[in-house]
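Just below is one structure, and these are the notes that go with it.
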Amino acid sequence: MKQFKAESKRLLDLMINSIYTNKEIFLRELISNASDAIDKVYYNSLTDKKIKVNKKDLCIKLSIDKDNRLLTISDNGIGMDKDELENNLGMIAKSGSLQFKEENVDKKDINIIGQFGVGFYSSFMVADNVDVISKKYGSDKAYKWSSKGADGYNISECEKEEYGTTITIKIKQDSDDYNYSDFLDSYNIESLVKKYSDYIRYPIKMNVTRRELKKGLKDEYEDVVKEETLNSMIPLWKKDKKKIKNEEYNSFYQSKFYDYQNPLRVIHSSVEGLCSYKSLLFIPSHAPYDYYSKEYEKGLSLYANGVLIMDKCSDLLPDYFGFVKGIVDSDDLSLNISREILQQDRQLKLIASNVEKKIKSELESMLKDERDKYEEFYKEFGMQLKFGIYNDYGMHKDELKDLILFHSSKDDKLVTLKEYVSNMKKDDENIYYACGETISKIDMIPQVEKVKDKGYNILYLTEYIDEFVIKTLSEYDGKKFVNVCENNVDLDTDEEKESLKKTNEENKDMLSSMKEILNGEVTDVRFTHRLKNHPVCLVSEGPVSIEMQKVINAMPNDENINAKIILEINDSHPIAEKLKELYKNNSDEFKNYTKILYSQSRLIEGLSIENPTEISNLICELLSK
Ligand code: ADP
């Protein structure tokens, strides 16, 4: 017996012991695998003359053997050879990206089940034993893969006449918690097929017993066993929008895109014109676990006249809308199309540009009409939109700038830039912002207090990318972005400016002595009006802000940059007078005060101090006086 790969084994354990209430989804998973396999053989037959399939014969068959508790799902799809059985079923297809969080295993198995494309494995939620007999198209050998669960699996050669795959599931005995026999009941199976797999393009056939009038008789009935097609076979995206229930969209989305939650929004469109197509797009309600990693592959499934030609066509989606899932089906595309040709295809470019516009307008209308929902979306994918603004040297900033939100100090909620600007006073020229780890930390920044007091609204930037986004935008609606912690914030009246200039002039020697004590760490020391209650702050000068310095220096490369920083002292704080006095009378003490104040200003900015022991000793010395 062969062992499963470690990750697969854990997942399998999870499936077998699953308390997941939706055990029934295993059927849709197996049917959708079967349909994919038929897609493959059908597609190959269209592009390769040597492969011959008769479209009429393509189907999925279900059968039930109640006595032996067996449920069988068979298809005449592409089939699997020995290696494929081993590789596809012996391990999880996406095992590379499988990052199990142990703590989730017990509690939230639903999440785990939904997060990975565990399709085939889900059969172990209802099975004691699973046999897969498969014969690859064009091969003359068939193989049987067989497993009772986590212990491992066997593969052996066997007989099978037609190519394709037959999966036989030995259904578990009923327990107190679950009535597994439901999966041996043909009415139940029929309704599960209708519920989850109605749109599958190939007939799903099963023998069903129907009560019928006896031939020639008026009121005598008999039970007749007939093979019937259970599904309507119309792809969901080709159905009339008005006739589709939400449930159908949700189920389609969940099974096709391996999500355990319903999508946040469904965008179903039918476009006629230069290039006609139908699209069914979904905005997920949460980011997949690997969304912000390299593993994540964006793209839409591309169909040409109902036939799947590419599973994840990335050219159909710009990176910044990479979270969108869905399908595009166009009759205008050629079936016989390679990846390279596809990239140049004019039709495809047209579709991509339409799809992008559509997504954008849907997001805009969500923002306008369903603010809560939009904020939910934004929590998950806002970061992606911000990257979109920042990436490619800001090439797409105009398209995205109205979709981003920041916390506003005045409104105490998220606002768009448009909302910020429309609430500005007439003569105001600047959009103020401040950066920090959290809203409450930003609230404590000394400069923020003063700017707020003057009646201005401040955007609070809490993500590390935010300030880069702002710098990329550089302005909105003719209003400049201004960091309240930067040197060029100018809120004083002319008189106030004059008096500050005078104070600085009068204390020139003292201030430059402080600069010397700080040994080149700051470009300047000066008095300020910027502060209300706080004694000191740091401000930056030039293109690099202190917050950007932190972000850039945290990145794993050798380049360190330093913002030009200035130490500012609140001229109306008692400490100002104290400093002046010490400068005159006690140069040692003056030195210590300078060092302590500078360290304080660094701490407030969230910067580290180089000599914490020295500083804490100095403070203690002062405290003990
Ligand atoms: P997924 O469908 O996400 O790839 P599964 O565990 O359901 O994951 O299936 C793993 C792989 O096994 C599939 O990608 C496919 O290559 C293969 N497979 C599963 N069922 C069939 C089938 N009925 N016919 C042919 N290949 C299949």
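The values are calculated or read from the model by the stated rules, or taken from the named source; none is laboratory data. In this text the structure is predicted, and so the values were computed from the model without any measurement. In this analysis, Cβ positions are derived from the backbone assuming ideal geometry, glycine residues included, and neighbour counts consider all displayed protein chains. For the accessible areas, the whole protein counts, side chains as well, though only heavy atoms, and no ligand, DNA or RNA atoms are used. Shrake-Rupley method; radii C 1.70, N 1.55, O 1.52, S 1.80 Å.
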Starting from residues that are closer than 19 Å to residue 501 by Cα and of a type in the set (A, V, I, L, M, F, W, C), keep the ones in the stretch 566-584 and report whichever is surrounded by the most Cβ atoms within 10 Å (Cβ to Cβ).
567
Could you tell me whether residue 233 is under 30 Å from residue 330 (Cβ atoms) and either open to solvent by less than 80 Å² (accessible area, probe 1.4 Å) or in the same structural domain as residue 70 (by TED's automatic domain parsing) (or both)?
yes
Report yes if residue 4 is part of a loop (DSSP other than H, G, I, E, B), in contact (Cβ under 8 Å) with a residue 60 or more places away in the chain and not polar (S, T, N, Q), otherwise no.
yes
Please determine, by comparing only the residues of the stretch 236-263 that are within 16 Å of the ligand (Cβ to nearest atom) and surrounded by 18 or more Cβ atoms within 10 Å (Cβ to Cβ), which one is farthest from residue 304 (Cα to Cα).
259
Taking residue 14, is it open to solvent by less than 20 Å² (accessible area, probe 1.4 Å), more than 10 Å from the ligand (Cβ to nearest atom), among the hydrophobic types (A, V, I, L, M, F, W, C) and modelled with pLDDT of 90 or more?
no
Checked 428, 392, 402 against criteria (among the acidic types (Asp, Glu) and part of a loop (DSSP other than H, G, I, E, B)); the one match is 428
Considering only residues of the stretch 50-76 that are open to solvent by less than 40 Å² (accessible area, probe 1.4 Å) and at pLDDT below 95, which is farthest from residue 194 (Cα to Cα)?
51
A careful count of residues in the stretch 27-45 that are crowded, with 17+ Cβ neighbours inside 10 Å, touching a residue at least 12 places away in the same chain (Cβ under 8 Å) and more than 8 Å from the ligand (Cβ to nearest atom) gives 9
Somewhere in the stretch 264-276, is a residue within 33 Å of the chain's Cα centre (by Cα), modelled with pLDDT of 85 or more and either within 18 Å of residue 36 (Cα to Cα) or open to solvent by 60 Å² or more (accessible area, probe 1.4 Å) (or both)?
yes
Are there any pairs with C-beta distances below 8 angstrom linking a residue in the stretch 385-397 that is under 8 Å from residue 472 (Cβ atoms) and open to solvent by less than 70 Å² (accessible area, probe 1.4 Å) to a residue that is assigned to a helix (DSSP H, G or I) and of a type in the set (A, V, I, L, M, F, W, C), with the two at least 6 apart or on different chains, and if so which?
389/400; 389/469; 389/473; 394/473; 397/389; 397/473
Scanning the stretch 135-172 for residues that are surrounded by fewer than 16 Cβ atoms within 10 Å (Cβ to Cβ) and part of a loop (DSSP other than H, G, I, E, B), the one modelled with the lowest pLDDT turns out to be 151
Quick one: in the stretch 58-88, of everything that is charged (D, E, K, R) and within 16 Å of the ligand (Cβ to nearest atom), which residue is nearest to residue 184 (Cα to Cα)?
61
Subset of the stretch 462-484 (residues that are closer than 16 Å to residue 391 by Cβ and in contact with a Ser or Thr (Cβ under 9 Å, 6 or more places away or on another chain)):
467, 471
Scan of the stretch 297-319 for residues that are open to solvent by 10 Å² or more (accessible area, probe 1.4 Å), farther than 13 Å from residue 235 by Cβ and in contact (Cβ under 8 Å) with a residue 24 or more places away in the chain, ordered by number
298, 309, 310, 315, 318, 319
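So that you can scan it fast, the table gives a plain yes or no per residue for (1) among the charged types (D, E, K, R); (2) more than 20 Å from residue 65 (Cα to Cα):
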{"residue": "130", "(1), (2)": "no, no"}
{"residue": "151", "(1), (2)": "yes, yes"}
{"residue": "177", "(1), (2)": "yes, yes"}
{"residue": "182", "(1), (2)": "yes, no"}
{"residue": "190", "(1), (2)": "yes, no"}
Among the strands (runs of 3 or more DSSP E) lying completely within the stretch 175-294, list those that include at least 3 residues that are among the β-branched types (Val, Ile, Thr).
204-213, 221-229, 265-271
When residue 179 is run through (1) within 15 Å of the ligand (Cβ to nearest atom); (2) open to solvent by 40 Å² or more (accessible area, probe 1.4 Å); (3) under 30 Å from residue 253 (Cβ atoms), the failure sits at (1)
Would a scan of the stretch 420-428 turn up a residue that is under 20 Å from the mean Cα position of the chain (by Cα) and farther than 12 Å from residue 320 by Cβ?
no
